[in-house]
Every structure is written in C-alpha cells, then in structure tokens.
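The values are calculated or read from the model by the stated rules, or taken from the named source; none is laboratory data. Everything numeric here is computed off the predicted structure, so don't read it as measured data. So basically every Cβ, Gly included, is an ideal-geometry build from the backbone, and we count neighbours across all protein chains shown.
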Amino acid sequence: MVLASQLRAGMAIQFQKQEYKVIAAEYHPGQGQMGGSTHARLQSLETGTFWEHSFRSELRLEEIPLAKQSLEFLYADADHSCFMNPETFEQTEIPNAMVGPSASFLEPGMRLVVEFVEGRPVSVVFPEVLEVKIASTAPPTHQQQDAAFKSARLENGAEVMVPQFIKAGDTIRLAVVSMKYMDRVKADAKTKHG
C-alpha cells in the first residue's frame, strides 16, 4: 500500500478495481483542519486513456509492481508493434493504442523499456528526447530569419515547428511528448580529413 501523498510519476496503482500508471502527481498540503490532496494524471493500463483525479493525501492505494525490460523494436502492422527480447529472442506484441502517438518514432533496432504488470505489457517508455531527421521544410523567410518558426515534415511523416534556419536533411533533437524542437544536431565531426 502507498499513501496518495507519496504518489510519484512512473508508479502503477490500483484504484476502484482499475489499474493505472501515474504520469504526474503533485501533492498540495492542507491548511488548518483541511487535509492535503494529491492531484494525479493517470493512464489506464487497460485502455491507455488518461484521467485526472485528486486523492485525499491519507488515502491508501495498492501499488502494483512494474517489471521493466529493455526490448528491441522489430516492426509494426496496423494493430500492433512487435518487440523482441535481445537475450531470449522472445517476441512481445503490444497494441499500437498502448504505444501511443509516439509510435511513429519507432525504428527497427531501436531499444526501448517496456513495462509489464504480471507478465502483460502495459506501456512503452520513450526517451524524453529523440534525434530525428527533417525530410522537407520551406526555405527561410528572410524578414524573420531567427524569430519565427515554420512547419517541417520529419522522415516519419510527423509535422513539427522548427526555427527558420533548419533545412531538409538536418537532424534535430525533439522533445517526444510535447513534439517541441529543442536544438539542431551538429554535423558529424568524423567527416574531417585526417
């Protein structure tokens, strides 16, 4: 059991016979006679849907043990993404709905942490930042060279906003959850002649 005031992102809990992963949790201390509360953003381990809820801080919740495995992405079809354990070669199919919108960033050979509850996969953990390549974007508008952002299409087809100086073929760092541009990856230093 865990107190609601102790909830942290990454935990898994059971509440009203449903299993959830804690995406974010913020504790608000009470004043005077009022007890504190914890505002949590939860994701259903069954359906993948998100839910916001405030718990009384003294409420006891059942914590569910999460097992984590580093798996290699193999391929995806219309409904599932297939991952493989590189040690045992055992394959695990995960519904694309559970992988979420970040599924478009999956590439064969990519290793990601997959979380399991009682042997069943419940979520795929993407890194916070990925390096992605720009497939196409408009040339910069010279009036606002640095200030404005423009639309760019990534190799996986996703659209993101990037600064004017980014061009097709550039590799950028992208915050996966927010889909926000972070910075441009410098060209590889190995291209110098020695």
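Inspect the range 14-27 for any residue being touching a helix residue (DSSP H, G or I) at 6+ places or on another chain (Cβ under 8 Å) and of a type outside the set (S, T, N, Q) and give the result as yes or no. Yes, the range 14-27 contains a residue that is touching a helix residue (DSSP H, G or I) at 6+ places or on another chain (Cβ under 8 Å) and of a type outside the set (S, T, N, Q).
Summed over the range 95-120, the residues that are surrounded by 15 or more Cβ atoms within 10 Å (Cβ to Cβ), modelled with pLDDT of 90 or more and more than 11 Å from the chain's Cα centre (by Cα) give a count of 4. Taking the conditions exactly as written (exposed (fewer than 15 other Cβ atoms within 10 Å of the Cβ) and modelled with pLDDT of 90 or more), does SER54 satisfy them or not? Answer is yes for this residue.
Looking at (1) modelled with pLDDT under 90; (2) under 25 Å from ALA103 (Cβ atoms); (3) not acidic (Asp, Glu), find the lone condition where MET182 falls short. Of the numbered conditions (1) modelled with pLDDT under 90; (2) under 25 Å from ALA103 (Cβ atoms); (3) not acidic (Asp, Glu), the odd one out for MET182 is (1).
Let's see how each residue does on (1) at pLDDT below 90; (2) crowded, with 18+ Cβ neighbours inside 10 Å:
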{"site": "GLN6", "(1), (2)": "no, no"}
{"site": "ILE13", "(1), (2)": "no, yes"}
{"site": "VAL22", "(1), (2)": "no, yes"}
{"site": "LEU45", "(1), (2)": "yes, yes"}
{"site": "PRO65", "(1), (2)": "no, no"}
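Entry remark, the range 24-46: residues being assigned to a loop (DSSP other than H, G, I, E, B) and either without any contact (Cβ under 8 Å) to a residue 40 or more places away in the chain or over 24 Å from the mean Cα position of the chain (by Cα) (or both) number 9 in total. Once the range 139-159 is narrowed to residues that are among the polar types (S, T, N, Q) and outside any helix (DSSP H, G or I), the residue that is modelled with the lowest pLDDT is GLN145.
Only one of the listed residues (LYS21, LYS68) is closer than 28 Å to ASN156 by Cα and without any contact (Cβ under 8 Å) to a residue 60 or more places away in the chain. That residue is LYS68.
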